[in-house]
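A short reminder: the numbers here are calculations on the coordinates, not readings from a lab. Keep in mind it's a predicted model, so treat the numbers as computed, not measured. Here Cβ is always computed from backbone atoms with ideal geometry, including for glycine, and neighbour counts include all displayed protein chains.
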Amino acid sequence: MATGVDQAVGMSLVVFSLLLFTYYSVWVIILPFVDSDHILHKYFLPREYSVILPGIAAVILLLCIGAFIAVIMWKNRKPKKVD
Amino acid sequence: MTKLLEWLLGVSLVLSAWAVVSFDLLELSLPQTYREVAWPMPLYLLVTFGCYSLATVGYRVATFNDCDEASAELQGQIQEAKQDLRKKGLKI
């Protein structure tokens, strides 16, 4: 078994993804079937955000990937040879 | 039929089923709550896939075996190699 930090990081990733999956599932699938005066609605944002927030996350992810590629390519540029 | 055609056929079938339910293209007049649940389905499946990938990566990081003996052996071999190369004149 891996030890120390590896185990902590791995398990925290698993727990985080489980929490995210549960919250998002309740938000998208269960909430429309719940009466609009139930207190459960207090814990969730309006449903439009269930589409907007993943969209923003995807845009940020693409920006980070693009920035990373740009930095790497900038560092690897070689000066042109002079004949 | 090639794999690509099979996949495209499957994806287009699922997409058309989703479009029919979400946008009421066949005038089936389903209850509003079912349409509200069906509409974000592609995004929901994407998020689910992302969560599953993250959980798999995290679980495999947590359960990856440390090989202490192999690590010690490798360190020893690195020292041997360094001494050998120093003797032959390489500066490390």
Quiz item: If one computes the Cα centroid of the range B:22-36 and of the range A:7-35, what distance in Å separates the two points?
Solution: 27
Self-check item: Peptide-level mean, for B:28-37, of C-beta atoms on other protein chains within 10 Å
Solution: 2
Quiz item: Could the peptides A:20-26, B:82-88 be put in order, highest first, of the mean number of other beta-carbon atoms found within 10 Å of their residues?
Solution: A:20-26, B:82-88
Practice problem: Compute the FRET efficiency between B:Tyr34 and A:Asp6 as 1/(1 + (r/R0)^6), taking r as their Cβ-Cβ distance and R0 = 41 Å, and round to the nearest 0.05. | Solution: 0.40
Exercise. May I ask you to compute the full-extension gain from A:Thr22 to A:Arg77, defined as 0.36 nm times their residue separation minus their alpha-carbon distance, rounded to one decimal in nm?
Key: 15.2 nm
Quiz item: Of A:Leu40, A:Gly55, A:Ser25, whose Cα points farthest to the positive end of the dipole of chain A (charges on the beta-carbon: +1 Lys, Arg; -1 Asp, Glu; origin at the Cα centre)?
Solution: A:Gly55
Quiz item: If we count trypsin sites (Lys or Arg not before Pro) as exposed when they sit in a DSSP loop and have at most 10 other beta carbons within 10 Å, what is the longest stretch of chain A that avoids them all?
Solution: A:1-76
Quiz item: Computed over the Cα atoms of chain A, what is the ratio Rg over Rh, Rh following Kirkwood?
Solution: 1.26
Quiz item: Semi-axes, largest first, in whole Å: what does sqrt of 5 times each Cα gyration tensor eigenvalue give for the protein assembly as shown?
Solution: 50, 25, 18
Quiz prompt | Net lengthening on full extension, B:Thr2/B:Asp66 (0.36 nm per residue, minus Cα-Cα) | solution = 18.8 nm
Quiz prompt | Approximate spin-label separation A:Ala70-B:Phe49, in nm, with each point projected 7 Å along Cα-to-Cβ | solution = 2.8
Quiz item: Roughly how many nanometres apart are two label points built 7 Å out from the Cα toward the Cβ at B:Ser16 and B:Leu90?
Solution: 6.4
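So which GluC sites (Glu not before Pro) in chain B end up in coil per DSSP with only 16 or fewer other C-beta atoms within 10 Å?
Details: sites: B:Glu6, B:Glu27, B:Glu36, B:Glu69, B:Glu73, B:Glu80; in loops: B:Glu27.
The qualifying sites are B:Glu27.
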